[in-house]
Amino acid sequence: MAHQPPTILFLKQSFLETQVRLLSRPLELTPAWPTRNASSDDPLPQPSVDEALHRANRALAEHTRRVYPPQSTRIVAEQINKLYKPGSPALHEDDEEEDDADAPPKRGADLTDATTISSLPPTWPIEADTTDHPMESARYAELSASLASLSARRAEVLERVQRLRRMQAALRPFSSDDGAASTVQENLATRDGQVEKELEKMRMLLVRVGGRVSKLPNPADDSDEVMVESPAVVQRNKVNALLDLY
């Protein structure tokens, strides 16, 4: 009976079990440790070192039992075995991506799509065709570079259009064509708005008040002593006198 070669499942499980055994081996002091410890200025007591080493190995064994149980090793080996089965999508996914990257453009591909343009190789990927048809290969490289440049310019234009559309939507309430009188608040300072009318009334009132205040007699002229007052106090007194008349 011919000897059967080991399966992938057996090989991977054996490899994982070997690695787990290496990771779970108890810690040991090196042969040179006692000499170095004895020659140091402050040597560690050997009982303390043995106790610390014992606790560390006990924690390591507990960690190994929890993290690397036999059933988990078997599950990981089975998952690896599935990847090696013929027809597995995960096995050929990388190969397909590499083939697509090195393949020429497909017939009927949408060369107006940005994703398709970005996936085009800069030069013709088949070396034999490049050698046999150098002019066509150079023409392809030229067209590929031009197409990539135009695609980048189109992306910039589309971004600018989207930005302008957002600005237009934000400014639409202020457009007179859309009935700004009904959409804009009346207290905003717009041309011929309520605020401008009220400001005009206020300016006329200030002119009238200023004219009447200037005609009021100055009480300081009838007194023997002239008292010097600040301009603000003088103006306030004039306004109070005007208000008393009404």
(message) What pairs come out if I take residues in region 115-138 that are under 26 Å from ALA152 (Cβ atoms) and pair them with residues that are at pLDDT below 75 and assigned to a helix (DSSP H, G or I) whose C-beta lies under 6 Å away, six or more apart or interchain?
(response) TRP124/THR130; PRO125/ASP102; SER137/THR130
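I'd like to check something: does region 152-162 contain any residue that is touching a residue at least 40 places away in the same chain (Cβ under 8 Å) and in a helix (DSSP H, G or I)? Write out each step before concluding.
Our first condition is that a residue be touching a residue at least 40 places away in the same chain (Cβ under 8 Å); within region 152-162, this holds for 154-155.
Add one more test, that the residue is in a helix (DSSP H, G or I), and what stays is 154-155.
Yes; the residues of region 152-162 include at least one that is touching a residue at least 40 places away in the same chain (Cβ under 8 Å) and in a helix (DSSP H, G or I).
Which is assigned to a loop (DSSP other than H, G, I, E, B) and farther than 30 Å from LYS85 by Cβ, of ARG25, ARG55, ARG36? Show your work before the answer.
Details: ARG55 fails: assigned to a loop (DSSP other than H, G, I, E, B); ARG36 fails: assigned to a loop (DSSP other than H, G, I, E, B).
Within the list ARG25, ARG55, ARG36, the selection yields ARG25.
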(message) If I go through region 74-104 residue by residue, how many of them are at pLDDT below 65 and either within 20 Å of SER146 (Cβ to Cβ) or of a type in the set (A, V, I, L, M, F, W, C) (or both)?
(response) 5
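Just give me the residues in region 105-142 being of a type in the set (Ser, Thr, Tyr) and not in a helix (DSSP H, G or I), in sequence order.
First, the residues of region 105-142 that are of a type in the set (Ser, Thr, Tyr): 112, 115-116, 118-119, 123, 130-131, 137, 140.
Once the filter is applied, which keeps residues that are of a type in the set (Ser, Thr, Tyr) and not in a helix (DSSP H, G or I), region 105-142 yields THR112, THR123.
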(request) Answer yes or no: is there a residue in region 27-46 that is surrounded by fewer than 12 Cβ atoms within 10 Å (Cβ to Cβ), under 48 Å from the mean Cα position of the chain (by Cα) and modelled with pLDDT under 90. (result) yes
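Please tell me if ALA61 is modelled with pLDDT of 90 or more and more than 38 Å from the chain's Cα centre (by Cα). Before you say what the answer is, go through the steps one by one.
On the way: modelled with pLDDT of 90 or more: no; more than 38 Å from the chain's Cα centre (by Cα): yes.
It is false that ALA61 is modelled with pLDDT of 90 or more and more than 38 Å from the chain's Cα centre (by Cα).
The values are calculated or read from the model by the stated rules, or taken from the named source; none is laboratory data. Not measured: the values here are computed from a predicted model. Neighbour counts are summed over all protein chains in view; Cβ atoms, including those assigned to glycine, are modelled from backbone coordinates with ideal geometry.
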